[in-house]
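Have a look at the structure below before the remarks.
The values are calculated or read from the model by the stated rules, or taken from the named source; none is laboratory data. Because the structure is predicted, anything quoted here is derived from the model rather than measured. Note that each Cβ is placed from the backbone with ideal geometry, even for glycine, and that neighbours are counted across all protein chains shown.
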Amino acid sequence: MSSSLHPRTDRPAVTVIGLGPMGRALAGAFVAAGVRTTVWNRTPGRDRELIEQGATGAGSAAAAVAASPLTVVCVIDYDAADAVLRQAEVTAGLKGRTLLNLTADTPERARDTGRWAAEHGIAYLDGAIMTPTPTIGTPDAVFIHSGPEELYRAQRPVLDALGGVHTHLGEDIGRAAAYDIALLDIFWTAMTGYVHALAVAGAEGVKPTELAPFAQGIGVILPPLFRQLADDVESGGFSGEASRLSSAAASMTHIVHASEAHGIDASVMRSAEGLARRAVALGHGPDGFTRIAEFLGRR
């Protein structure tokens, strides 16, 4: 008989819970890599295309976790994850198996789930996906993980089906979420700044496509600055030799005034300006902009 009629059962197996855009991308990558993949979603019908590709649809979350030694969860937040995983029959089904939670939330929520998993005999890894859905299954995907290193290494052969780069950040369960929160902080504040800039430019008659090449130029400046500023914060130098905090605050004020002159909400920039002004008022005007990181971290 051909293998297509009798599929091999010695292939690695995984269950994916949560079939939003990212969950479907994860499950699709597993299927494409030849991993036996079971899928389940709280809202029925999202598994249809995956089943056509070769996945197995489970009738319940409990049946899904029982189908594989590794379950990968990717839902909107830990409230949604808990609503599924902490059902008695699902928790019982996970006992003695491995759970990888790729759901985004806070570091403390990750640690709480780690404690819950330990109490119920579930091997637990936490993680985050740092790239968008089209990258999953390609060399461009980026995943970060935290939890027991031995457990992480044991699961790597299956996780490699997702493509890209996988980095283990340490055994503290909350460490991946800490990186995720910090990096998303950069992303969403940058995105907010960009759409605000488009609004301000538009009010001055500058088309978005006219501004975009210059905005990309700003983006090119940032990567070397990130490392330079990180070194400055870690060393405690806070040098204002290149640019003083008082000068940065003045620049922010100009943006606020230009925005509000057109009736454009400037609350985000007002907040940033407020941080800078408070630091200046404490005598840090001659310091560099990185002084704000130290200022924010004070207890």
_Every pair of residues 6+ apart whose Cβ atoms lie under 9 Å, when the first sits in region 136-162 and is at pLDDT 95 or above while the second is assigned to a strand (DSSP E or B) and among the acidic types (Asp, Glu)_ = His145/Asp126; Ser146/Asp126; Gly147/Asp126
*Looking only at region 230-267, which residues are among the charged types (D, E, K, R) and either over 29 Å from the mean Cα position of the chain (by Cα) or not assigned by TED's automatic domain parsing to the domain that holds Thr290 (or both)?*
Glu241, Arg244, Glu260
*Inspect region 233-245 for any residue being part of a helix (DSSP H, G or I), β-branched (Val, Ile, Thr) and free of Cβ contacts under 8 Å to residues at least 60 places away in the same chain and give the result as yes or no.*
no
*Take region 97-111 and flag every residue that is aliphatic (A, V, I, L, M), in contact (Cβ under 8 Å) with a residue 40 or more places away in the chain and buried (at least 22 other Cβ atoms within 10 Å of the Cβ).*
Leu100, Leu102, Ala110
*Looking at (1) modelled with pLDDT under 95; (2) more than 22 Å from Ile144 (Cα to Cα); (3) of a type in the set (Lys, Arg), which is the only condition Arg227 fails?*
(2)
*Mind listing just one residue for me: the one in region 140-156 that is surrounded by 15 or more Cβ atoms within 10 Å (Cβ to Cβ) and part of a helix (DSSP H, G or I) and, of those, farthest from the chain's Cα centre (by Cα)?*
Ala154
*Of the conditions (1) under 29 Å from the mean Cα position of the chain (by Cα); (2) in a helix (DSSP H, G or I); (3) crowded, with 19+ Cβ neighbours inside 10 Å, Phe289 clears all except one; give me its number.*
(2)
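From the list Gly137, Gly93, Gly114, exactly one residue is out of contact with any helix residue (DSSP H, G or I) (no Cβ under 8 Å at 6 or more places or on another chain), surrounded by 15 or more Cβ atoms within 10 Å (Cβ to Cβ) and either at negative phi or part of a loop (DSSP other than H, G, I, E, B) (or both). Which is it?
When all the criteria are applied, what remains is Gly114.
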*Identify, from the list Ala212, Ala230, Ala276, the residue that is among the small types (Gly, Ala, Ser) and touching a helix residue (DSSP H, G or I) at 6+ places or on another chain (Cβ under 6 Å).*
Ala276
_Go through region 157-185 and report how many residues are among the β-branched types (Val, Ile, Thr), in a helix (DSSP H, G or I) and surrounded by 20 or more Cβ atoms within 10 Å (Cβ to Cβ)._
1
*Counting only residues that are more than 11 Å from Thr290 (Cβ to Cβ), among the hydrophobic types (A, V, I, L, M, F, W, C) and surrounded by 15 or more Cβ atoms within 10 Å (Cβ to Cβ), how many does region 219-263 have?*
5
_Residue in region 190-204 that is farthest from the chain's Cα centre (by Cα), counting only those that are among the small types (Gly, Ala, Ser) and over 11 Å from His262 (Cβ atoms)_ = Ala197
*Return only the number of the condition from (1) surrounded by fewer than 24 Cβ atoms within 10 Å (Cβ to Cβ); (2) among the hydroxyl-bearing types (Ser, Thr, Tyr); (3) not in a loop (DSSP other than H, G, I, E, B) that Thr43 does not satisfy.*
(3)
*Which one is surrounded by the most Cβ atoms within 10 Å (Cβ to Cβ) among residues in region 46-71 that are of a type in the set (Gly, Ala, Ser) and in a loop (DSSP other than H, G, I, E, B)?*
Ala55
